[in-house]
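Taking it in order: structure first as structure tokens, then the write-up.
The values are calculated or read from the model by the stated rules, or taken from the named source; none is laboratory data. In this text the structure is predicted, and so the values were computed from the model without any measurement. So basically every Cβ, Gly included, is an ideal-geometry build from the backbone, and we count neighbours across all protein chains shown. Keep in mind that these areas ignore ligands, DNA and RNA; they rest on the heavy atoms of the full protein, side chains included. Shrake-Rupley method; radii C 1.70, N 1.55, O 1.52, S 1.80 Å.
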Amino acid sequence: DGGITQSPKYLFRKEGQNVTLSCEQNLNHDAMYWYRQDPGQGLRLIYYSQIVNDFQKGDIAEGYSVSREKKESFPLTVTSAQKNPTAFYLCASSPAPYEQYFGPGTRLTVT
Amino acid sequence: EDKVVQSPLSLVVHEGDTVTLNCSYEVTNFRSLLWYKQEKKAPTFLFMLTSSGIEKKSGRLSSILDKKELFSILNITATQTGDSAIYLCAVVKGRGSQGNLIFGKGTKLSVKP
């Protein structure tokens with residue numbers, strides 16, 4: 001089965017802890033993206049990567065970090081510096097900068 | 001500053017109604033416009049529009065792009081309760097092999113039986 005997987009589906013953390021969200025794809029796509037979705041805000045780009053070992057900040061990168069050591073994997077770390085980390089996080093991949101395929105998302109709750 | 005604006009933000013209709021969702025944009029280096037449908041979780045792709053005036057159709061859904069007036073519409077005819085979702089519009093911008101999506105806030109459509 002080809003696709004994008006994100007894990008876990010739900011994640012709960014205490015304030016001040018770093019947390020890493022997983023995103024894996026077996027579609028052989030070069031580009032991968034992380035978005036954050038808040039109610040009434042649409043999707044906002046956190047980080048993106050066009051190729052392995054390279055990534056760029058999106059519109060709201062502060063308090064987040066990523067790595068792209070393998071083509072298939074693009075994990076996102078939500079650090080304690082992120083002021084409002086509670087949100088729905090979506091990972092996407094794309095063979096080109098056009099249509100993006102989304103994973104099922106991770107809902108992170110920080111208390 | 002690049003922006004994508006969708007209207008209305010929410011809409012309630014009854015089964016069988018026809019709806020029109022709007023998406024206007026101001027984006028530098030425009031490449032294409034995408035429509036997605038988001039139910040409980042991940043958005044699913046509906047249409048990609050690159051050229052003005054060419055309607056894309058898929059069943060009861062259709063969409064068209066106007067690059068002169070910088071907007072797109074998504075039409076849904078004979079709506080069904082299964083059409084209830086958030087509809088997202090996104091613009092692809094960028095030069096060469098680089099490109100990113102800028103999303104609107106979405107239109108939440110509720111179809112009542």
Under 15 Å from the Cβ of A:Ile46, count the other residues' Cβ atoms, weight Lys and Arg +1, Asp and Glu -1, and hand me the total. +2
Over the alpha carbons of chain A, what is the largest minus smallest coordinate on each principal axis, giving the biggest first in Å? 36, 27, 26
Please list A:Asp59, B:Asp83 in order of solvent-accessible area, largest first, computed with a 1.4 Å probe with all protein chains present. A:Asp59, B:Asp83
Pairwise burial B:A, computed as accessible area of each alone minus the pair, summed, 1.4 Å, Å²: 1700
If Lys and Arg each add +1 and Asp and Glu each add -1, what is the summed charge of the other residues whose beta carbon sits under 12 Å from the beta carbon of B:Met48? +1
Could you give each residue of segment B:63-69 its phi-based ³J(HN,Hα) in whole Hz, using Karplus coefficients 6.51, -1.76, 1.60 with θ = phi - 60°, and x for Gly or Pro? 8, 8, 10, 10, 7, 7, 8
Convex hull per residue volume in Å³, alpha carbons only, for the protein assembly as shown: 128
Give a quick list of trypsin sites (Lys or Arg not before Pro) in segment A:1-74 that DSSP marks as loop, anything other than H, G, I, E or B, with at most 14 other Cβ atoms within 10 Å. A:Lys9, A:Lys14
State the answer as a single residue: which of B:Asn29, B:Phe47, B:Ser72 lies farthest towards the positive end of the charge dipole of segment B:1-74, with beta carbon charges of +1 for Lys and Arg and -1 for Asp and Glu, about the Cα centre. B:Phe47
Within segment B:1-83, which trypsin sites (Lys or Arg not before Pro) sit in a loop by DSSP and count at most 14 neighbouring Cβ atoms inside 10 Å? B:Lys40, B:Arg60, B:Lys68
Quick one, can you get me the convex hull of the C-alpha atoms of chain B expressed as volume per residue in Å³? 99
To the nearest 20 debye, what charge dipole does chain B have about its Cα centre, counting +1 at the Cβ of each Lys and Arg and -1 at the Cβ of each Asp and Glu? 300
